[in-house]
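Presented below is the structure to which this report refers.
Any read-out appearing in this document is the output of simple, stated calculations on the displayed coordinates, not a laboratory observation. This structure is a prediction, so every number in the text was calculated from the model and none was measured. Cβ atoms come from the backbone with ideal geometry, glycine included; neighbour counts cover every protein chain shown.
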Amino acid sequence: MEVNDLSYVTGSDHKQIFDGVSLQIKPGEKVLLMAPSGWGKTTLLRLLLGLKRPKKGKILLNGKNVMGNWDAAHNYYSYVNQKPFMFDDTLRFNITLGRQVSDEQLKQVIHEAGLDELVKEQGLDKQVGENGSELSGGQIQRVEIARALLSGRPILLADEATSALDPKLSLDIHETLLKNPKVAVLEVAHKISPEEKAMFDVIIHLDKHTVETKM
Ligand SMILES: Nc1ncnc2c1ncn2[C@@H]1O[C@H](COP(=O)(O)OP(=O)(O)O)[C@@H](O)[C@H]1O
Ligand SMILES: [Mg+2]
């Protein structure tokens, strides 16, 4: 994916949200985008998904311009956000979302999302409760990651996915997410620990238009 000189202006009050954003992500690469709250990070992810059209700039996927084209763009991405939606149903349903998947596939994503222990102890038929009340915040985030991995889409977009979790959990989740060579990860955050930062290949400070190079 390649983004060139992207700017966004709101449709309603013509407010400039951001200007001149460029970035690229290669297969399996882990990219962190940093900017303060309210800068427009969530808006940027919505542009990538094709839900909104930028004022100017280009968004290319495999060399094809997909700007503002949800049909062409959305299949490339899975999405992990701060407050995953949980169904008052079984753990299995919440991971598969009702899709037909082989036991093999299911086992694989449970492992990759770090849910082995929960599944071993409580089983896949465990009822997660209303809004996942029977699970911890970290477990809910892992269910969301399992969903994303199961979708098989090449780029995972994470919108402040762990900012509501305690630092140790956030670190654990990042270790899970960022060691998986099969998916590229594009995470936006306004705050992140130095240990977590060190796990990314590229760190871009959107507000300063700078790329942090690694030593
Ligand atoms: N469609 C819109 N109309 C008006 N304002 C918008 C619209 N979309 C986003 N904004 C504004 O854009 C700014 C950036 O929002 P957001 O993308 O949620 O930032 P972040 O995720 O970095 O905190 C906010 O001030 C928000 O109110
Ligand atoms: Mg946001």
Could you calculate the contour length gain from Glu195 to Glu134, that is, 0.36 nm times the residue separation minus the distance between their Cα atoms, to one decimal place in nm? 19.0 nm
Going by amide H atoms built from the backbone, whose H comes under 5 Å of the H on Phe18, apart from near neighbours? Tyr8
Dipole of segment 55-103 [Lys/Arg +1, Asp/Glu -1 at C-beta], most positive-end residue of Val80, Ile59, Ile95: Ile59
From the backbone phi of segment 166-171, what are the Karplus-calculated ³J(HN,Hα) couplings (6.51 cos²θ - 1.76 cosθ + 1.60, θ = phi - 60°) in whole Hz, Gly and Pro given as x? 6, x, 5, 5, 4, 5
Anisotropy class of segment 58-205 from Cα gyration tensor, a/c 1.5 cut: oblate
quick note, the chain, DSSP beta bridge pairs, % antiparallel (nearest 5) is 45 percent
Dipole magnitude of the chain about its Cα centre, charges +1 at Lys/Arg Cβ and -1 at Asp/Glu Cβ only, in debye to the nearest 20? 880 debye
Using a ≥ b ≥ c from the Cα gyration tensor of segment 79-151 (square roots of the eigenvalues), is it rounded, prolate or oblate, where a/c under 1.5 gives rounded and otherwise the larger of a/b and b/c decides, a/b for prolate? rounded
Scan segment 58-108 for trypsin sites (Lys or Arg not before Pro) in coil per DSSP, keeping those whose Cβ has at most 14 other Cβ atoms within 10 Å, and list them by number. Arg99
